[in-house]
Amino acid sequence: MTTFPRYAIYYTPAADSDLHRFGTGLLGYDAFAVSDVPFPAEVLAEAPDWAALTGDPRKYGFHGTLKAPFPLAPGKTEAELVAACEIFAAAARTIPMITPVVRAISGFIAVVPDTPSPDLNALAQDCVETFDRFRAPMSAEDRARRNPGALTARQVEQLDRFGYPYVRDDFRFHMTLTGRLSPERNTQVLAMLQARFAALDLTSLRIDRIALFRQDDDRSRFRIMREMKLT
């Protein structure tokens, strides 16, 4: 059984950026302000059920996963986790740079890199391994919830090692914009979101910060506790 609070280490764009406004507007939630955001009127005109289509990603806020949500391990404290994030962010590293695009992946739509980024994959795995000492052991219920029977042998091994199956070679950076869609809706919604994203004219994106998110209980949305620029 999942215990709370839960924490996650995500990339999220700066609060004053066009990409932040794009993502939070579509999800209807700003994890910086911990407040609802009105959906764009044009989106509601084309998809009146937009609130339902974005219900699942809304609770996480607009982000790209680096270290998936976890409760704290026994003996670890939130203050220690914050301090570890600050140390991690201050370490010298290559700042990943990607060309962001909007695509459909695994039945939902997200902002993803146009091509794989070894630097971004290395940053994500560094996060996974560095902060794993703060993660409480996975319960049998939480493991079952990941449906290991549908995973590859490598993904099951990674699930048992890191509490999350999609790491290392299975990692795919994505900033989710919708829940899972039917094939018919996927085509319609993808075209709409690609057109909206093109209007941003965002041809490059530096993954230059991490944010520590916290979820207080199973009814709460994740909120940003601390944002740290990478060195």
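Here, each number is a calculation from the coordinates, and none is a lab measurement. These figures come from a predicted structure and were not determined experimentally. Virtual Cβ from ideal backbone geometry, glycine too; neighbours counted across all protein chains shown.
Just a few scattered comments:
- Where a residue in the stretch 97-115 is touching a residue at least 40 places away in the same chain (Cβ under 8 Å) and its partner, wherever it lies, is among the charged types (D, E, K, R) and crowded, with 19+ Cβ neighbours inside 10 Å, with Cβ under 8 Å and at least six apart: none
- Applying the criterion of being in contact with a Lys or Arg (Cβ under 7 Å, 6 or more places away or on another chain) and more than 23 Å from residue 230 (Cα to Cα) to the residues of the stretch 7-44, the residue that is surrounded by the most Cβ atoms within 10 Å (Cβ to Cβ) is 27.
- Test: residue in the stretch 80-96 that is more than 25 Å from residue 215 (Cα to Cα), surrounded by 14 or more Cβ atoms within 10 Å (Cβ to Cβ) and within 17 Å of the chain's Cα centre (by Cα): yes
- Among the residues of the stretch 183-213, those identified as closer than 23 Å to residue 125 by Cβ and not in a loop (DSSP other than H, G, I, E, B) are 205, 206, 209, 210, 211, 212, 213.
- Filter result (exposed (fewer than 13 other Cβ atoms within 10 Å of the Cβ) and among the basic types (Lys, Arg)) within the stretch 143-153: 145
- Per the conditions (1) among the polar types (S, T, N, Q); (2) touching a residue at least 12 places away in the same chain (Cβ under 8 Å); (3) over 24 Å from residue 188 (Cβ atoms), the sole criterion not satisfied by residue 54 is (3).
- In the stretch 127-145, the residues that are farther than 18 Å from residue 155 by Cα and either part of a helix (DSSP H, G or I) or free of Cβ contacts under 8 Å to residues at least 12 places away in the same chain (or both): 130, 133, 134
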